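Each reported figure results from applying straightforward, stated rules to the coordinates on display, with no laboratory input. Quick caveat: nothing in here was measured; it's all calculated off a predicted structure. Note that we place each Cβ from the backbone using ideal geometry, even for glycine, and neighbour counts take in every protein chain shown.
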Amino acid sequence: MPGNRVLIMDDDPRVCRLFKRVAEGLGFEAFAIDNSSQFESAYGGFEPDIILLDLQMPKLDGVELMRYLVGQRAKASIILVSGVDKSVIATTERLGKSLGLNIVGLLTKPINVDEIKALLRGQYQDRKSDQQKPSSLTKTDLARAIERNEILVCYQAKVNVASRQIVGVKALARWWHPRGELVFPNDFIPLAEETGLITPLTYKVLETAVQDVLMWQTRVPGLTLAVKLSAKMLNDLDLPDCVTQILDAYHFGPQRLVLEVSESGAMASPASTMDILARLRLKGVQLCIGDFGTGYSSLVQLYRLPFRELKVDKSFVMEARKSNEAATIVRSTIELARSLDLKVVAEGVEDQSTYEWLAGLGCQECQGYYISRPLEVPSFLSWLEEHNRGQSTPQ
């Protein structure tokens with residue numbers, strides 16, 4: 001089994017034995033310790049792929065061990081375990097992610113064996129998929145992919161929450177690598193940003209998506225098209241002209257294009273960002289501030305920059321039915337957007353309960369797996385046909 005080494009750190013020997021028994025029963029190689037002072041030597045000697053880490057321990061607590069893992073540049077998947085208040089665990093999870101650790105799950109005590117199994121099985125599948133990805137991606141590979149049309153554009157539907165009708169699509173890039181593997185954005189967008197290829201990549205996605213949406217015009221007229229802009233592009237003063245050149249070439253109305261800018265990216269270079277976004281709005285392009293709630297200057301950005309749409313970050317939407325804190329953030333964000341006359345969109349809607357809850361709050365549009373996964377064009381057109389017949393409209 002790939003990625004099968006599990007290190008268990010818990011000060012309760014009984015919990016260690018339970019974790020070890022479950023992990024080995026699933027085919028993992030497990031090593032358990034109940035003394036946190038032994039963690040460093042165990043980590044270095046065992047080289048785990050997955051770490052089950054108790055937070056509340058004598059001597060060295062979980063946060064201290066997380067700091068150690070940061071110093072080691074640990075790539076292991078980390079599952080946090082504790083019997084403390086859920087808000088403390090959630091705060092620790094956010095801390096770990098902010099430090100760059102791969103926090104993949106939370107377990108609360110008393111331990112539920114089914115939850116342990118589900119998390120471990122999930123990590124096995126994720127790591128197996130990771131091993132199937134191309135081992136090395138280079139600037140030359142990516143430049144060639146853009147030139148040879150190896151970049152595939154998938155589409156995720158966006159619906160009006162009240163009417164349940166499709167109103168737009170978001171374009172999402174995938175890369176069909178010549179070795180036959182499908183490479184996802186998290187594995188090539190950082191490379192594009194580091195090498196300066198993010199600009200031609202984005203323009204390729206935009207041009208492809210504009211052509212596709214126009215082909216569907218008779219089936220669903222007036223669909224909006226959302227495309228994400230990298231923060232790296234917000235210091236390019238030629239951006240507004242380049243975007244409108246593509247739109248003009250295909251006679252695509254600029255009011256139908258929604259460019260999404262992340263909240264943190266919007267403030268990377270405030271002066272040039274205001275220049276670029278103002279010119280895009282003057283040309284008729286719609287602007288959306290995405291990942292809202294994850295940055296640090298939200299109200300300043302909404303005041304200074306010409307956004308017409310606000311997208312609630314999926315991390316809050318997905319937790320809203322389980323976490324009072326997440327629900328409060330979503331509710332407050334929707335109220336803020338409506339008071340500022342901004343269209344509000346929720347992403348990460350994965351079930352009917354969340355959909356109906358958002359409808360009750362007055363959220364205007366949403367997207368997520370409950371509506372549709374990102375689909376390649378043939379699958380999207382099939383989904384669209386079913387949707388138009390009322391068979392895949394959320395019930």
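Per-structure values
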| read-out | value |
| --- | --- |
| For region 319-395: rounded, prolate or oblate by the Cα gyration tensor [a/c cutoff 1.5] | prolate |
| Candidates S339, S323, S372, ranked by Gaussian network fluctuation over the chain, Cα under 10 Å, top entry | S339 |
| With Cα atoms, 0 to 90° folded angle of helix 239-249 axis to the chain main axis | 60 degrees |
| Stretchable slack from L340 to N324, in nm (0.36 nm times residue separation minus alpha-carbon distance) | 3.3 nm |
| Over the chain: helical MRE at 222 nm, DSSP H runs n ≥ 4 each giving -39500 (n - 2.57), nearest 500 | -13500 deg cm²/dmol |
| Highest-fluctuation residue, L375, L119, L358 considered, GNM on the chain with Cα pairs under 10 Å | L119 |
| Top positive-direction residue, dipole computed over region 152-208 with Cβ charges, set V161, G180, L206 | V161 |
| Of I329, I50, I111, the one that fluctuates the most in a GNM where the chain has Cα springs shorter than 10 Å | I111 |
| Rg/Rg_ref, the chain, where Rg_ref = 2.2 N^0.38 Å and atoms are Cα | 1.08 |
| Cα-based helix-to-principal-axis angle, 352-361 vs the chain, degrees rounded to 10 | 60 degrees |
| Within region 157-215, trypsin sites (Lys or Arg not before Pro) in DSSP loop having at most 11 other beta-carbon neighbours inside 10 Å | R179 |
| Out-of-range pairs (alpha-carbon distance over 19 Å; input K170/K204; K109/K322; K170/K314) | none |
| Stretch gain in nm, segment A249-D236, where the contour uses 0.36 nm per residue and the Cα spacing is subtracted | 2.6 nm |
| Cα-based helix-to-principal-axis angle, 86-98 vs the chain, degrees rounded to 10 | 70 degrees |
| Other-chain or far-sequence residues with amide H under 5 Å of L107's (modelled H) | L80, V81, S82 |
| Computed over region 5-131, the ratio Rg/Rh where both radii use C-alpha atoms and Rh is Kirkwood | 0.92 |
